[in-house]
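Participant: Quick one: the structure is below, questions incoming.
What follows draws every value from the coordinates through simple rules; no lab data is involved. Owing to the predicted nature of the structure, the values given are computational and were not obtained by experimental measurement. Glycine gets a Cβ as well: all are built from the backbone with ideal geometry, and neighbour counts include every protein chain shown.
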Amino acid sequence: MMMNSPLHKRSLADELSVMLREQIISGRYKIGEKLPIEPELMKQFGVGRSTVREAIKILANSGYLRVQQGLGTFVEAPGVGAEAIDHRLKRADIRDLDEVRQLLEMKIAEKAALNRTQADIDKLRLLLKEREDNAKQGNLADCIAADINFHLAIARASGNEILADLYQSASVHLSRWFLQVYSDTSDFIQSQQHHQHLLDFIVEKDAKKAWAMAAKIIGHVSQ
């Protein structure tokens, strides 16, 4: 039976996608079965239309759902591989996970420099300013969130959805560790200029320098 209460997570779409995915894996929805229509999902989960659509998009990108225009949304294979990766990330040694994230950062920086749009640039500028403001104000948790969101926005700007999804999967497990590693925002203040240079190279479409600056940021953080 589907839950009938509102969701209360930071990302409603992410939370809804997890709940729907668990129902698919458990057999609540069978392969080939049509998912309830949007108004029904909105009512049962207590969320808006945009949240339902984003959750469906997440699951479609993960291979759990297939959207057919004019026909509806249907359950695909239960995504055993995707689920295994997600569980593997959750139980991974945090330093191994961070190493994966760091390797991804160089590639997404390179690809973002080649494929970014003006909308991407505008979003990156806002997130970098948010990172700087929180760092200067000593707001560690908000600074960490802005830092992760900045790099995730670069991943999205890369134009490669697989890279972006991999980066998001790795990053989502790191916030808690960052809060343990960093006692204040001083490291974020020190690395702000490097991040600004990274953004500049992405804006200039200089893929080589963007890659190198991402590597320099990784070296700074790893010291």
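Participant: In segment 125-141, is there at least one residue being within 23 Å of residue 57 (Cβ to Cβ) and surrounded by fewer than 17 Cβ atoms within 10 Å (Cβ to Cβ)?
Facilitator: Checked against the condition, which is being within 23 Å of residue 57 (Cβ to Cβ) and surrounded by fewer than 17 Cβ atoms within 10 Å (Cβ to Cβ), segment 125-141 yields at least one hit.
Participant: Right, next: Return the residues of segment 61-70 that are surrounded by fewer than 16 Cβ atoms within 10 Å (Cβ to Cβ) and either among the hydroxyl-bearing types (Ser, Thr, Tyr) or touching a residue at least 12 places away in the same chain (Cβ under 8 Å) (or both); say none if nothing qualifies.
Facilitator: Start the filter on segment 61-70 by keeping residues that are surrounded by fewer than 16 Cβ atoms within 10 Å (Cβ to Cβ), which leaves 61, 63, 67-70.
61, 63, listed by residue number.
Participant: Looking at 194, 173 in this structure, which one is surrounded by fewer than 19 Cβ atoms within 10 Å (Cβ to Cβ) and under 23 Å from residue 115 (Cα atoms)?
Facilitator: Result of the check over 194, 173: 194.
Participant: Confirm whether residue 112 is more than 25 Å from residue 94 (Cα to Cα) and crowded, with 17+ Cβ neighbours inside 10 Å.
Facilitator: It is true that residue 112 is more than 25 Å from residue 94 (Cα to Cα) and crowded, with 17+ Cβ neighbours inside 10 Å.
Participant: Give the residues of segment 27-45 that are part of a loop (DSSP other than H, G, I, E, B) and exposed (fewer than 15 other Cβ atoms within 10 Å of the Cβ), sorted by residue number. Break it down stepwise before answering.
Facilitator: Of segment 27-45, the ones part of a loop (DSSP other than H, G, I, E, B) are 27-33, 35-37.
Answer for segment 27-45, where residues must be part of a loop (DSSP other than H, G, I, E, B) and exposed (fewer than 15 other Cβ atoms within 10 Å of the Cβ): 27, 28, 30, 31, 32, 33, 37.
Participant: Somewhere in segment 161-168, is a residue among the hydroxyl-bearing types (Ser, Thr, Tyr), within 12 Å of the chain's Cα centre (by Cα) and within 23 Å of residue 114 (Cβ to Cβ)?
Facilitator: Yes; the residues of segment 161-168 include at least one that is among the hydroxyl-bearing types (Ser, Thr, Tyr), within 12 Å of the chain's Cα centre (by Cα) and within 23 Å of residue 114 (Cβ to Cβ).
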